[in-house]
Structure formats: structure tokens, C-alpha cells
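Participant: Please see the structure below; I have some questions.
The values are calculated or read from the model by the stated rules, or taken from the named source; none is laboratory data. Quick caveat, the model's predicted, so the values are computed rather than measured. Ideal geometry is used to build each Cβ from the backbone, glycine not excepted, and the neighbour counts take in all protein chains shown. SASA here: full protein model, heavy atoms, side chains in, ligands and nucleic acids out. Shrake-Rupley method; radii C 1.70, N 1.55, O 1.52, S 1.80 Å.
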Amino acid sequence: MAGQPPGQAPRAAETAALIDAIKAAHVKAIFSESQFPPKLVDQLAQETGTKVVADLYDDAIGDPPVTTYEQIITWDTDQLVKALK
């Protein structure tokens, strides 16, 4: 099955296949970048019982308490560990 081009919402069949794959792999968390609309991630989480983490920093320093590179690493690590427990 060919996927959608980057930045495009997946087709219904692709979403269903992704839900099945998440369930089969016993995924605990879905990580999403905050600049993307949460609709798909929220649907995946609701239908699979996974947690959503969308407050990670990837390439920019944020607001307090994440104002240095070291704080980005600490913040992201803490969020990943919490989600995967």
C-alpha cells in the first residue's frame, strides 16, 4: 500500500492499518510534534489506549523551564520516561 505524501493526512485504510499495528506492537505512547494538528494522534490514542506526548522540544529553546539546550535534553528525557512507564 502506497502512503500519502509527507504532510498529508493518511487515508482511512492507512489509519486503520496503523491502529492495528499499534495494537499488535503493544505501543505505550505516541510522540507528536506540537506544530502538527492533534486530530490524527488523538484518534490513534483513543482507539488504541496509548498515551500522547506532544510537548517535546526538538530544535528550539522554549519558555521556562526549557531555556537552554541542557534543559531541552532533560525535559524531553523526562517526558519520554514518564510516557513509557
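Participant: Using a 1.4 angstrom probe on the protein heavy atoms only, line up GLU33, GLU14, GLU70 by accessible area, largest first.
Facilitator: GLU70, GLU33, GLU14
Participant: Over all distinct alpha-carbon pairs, what is the Kirkwood Rh of region 36-84 in angstrom?
Facilitator: Kirkwood hydrodynamic radius for region 36-84: 12.0 Å.
Participant: Next question. How much length is gained if the chain between GLN43 and ALA24 is pulled fully straight, taking 0.36 nm per residue apart and subtracting their Cα-Cα distance, in nm to one decimal?
Facilitator: Separation in residues times 0.36 nm, less the Cα-Cα distance, equals 5.2 nm.
Participant: Sticking with this one: If contacts are Cα pairs under 8 angstrom and at least 6 residues apart, what is the relative contact order of the chain in percent?
Facilitator: 24 percent
Participant: If you don't mind, there's one more thing I want to ask. In square angstrom, rounded to the nearest 10, how much accessible surface does LYS51 have for a 1.4 Å probe?
Facilitator: For LYS51, solvent-accessible area is about 90 Å².
Participant: So for region 35-85, averaging the separation of alpha carbon pairs under 8 Å that are six or more residues apart and normalising by length, what relative contact order in percent results?
Facilitator: About 30 percent, as a whole number.
Participant: To the nearest 20 Debye, how big is the dipole of region 31-81 about its Cα centre, given +1 on the beta carbon of each Lys and Arg and -1 on that of each Asp and Glu?
Facilitator: Numbers: 2 positive and 10 negative charges, 41 e Å.
Dipole of region 31-81, to the nearest 20 debye: 200 debye.
Participant: Right, next: Placing +1 at every Lys and Arg Cβ and -1 at every Asp and Glu Cβ, with all other atoms neutral, what dipole size does the chain have around its Cα centre, in debye to the nearest 20?
Facilitator: Details: 7 positive and 12 negative charges, 91 e Å.
Using only the charged Cβ atoms, the result is roughly 440 debye.
Participant: With the other protein chains left in place, how much accessible area per residue, in square angstrom, belongs to the chain at a 1.4 angstrom probe? Walk me through the numbers on the way to the answer.
Facilitator: Values: 6110 Å² over 85 residues.
On a per-residue basis, 72 Å².
Participant: Follow-up. Give me the Debye-computed log₁₀ of I(q)/I(0) at q = 0.19, 0.27 Å⁻¹ for region 6-68, equal point scatterers on Cα only, no solvent, two decimals.
Facilitator: Results for region 6-68 at q = 0.19, 0.27 Å⁻¹ read -0.77, -1.19.
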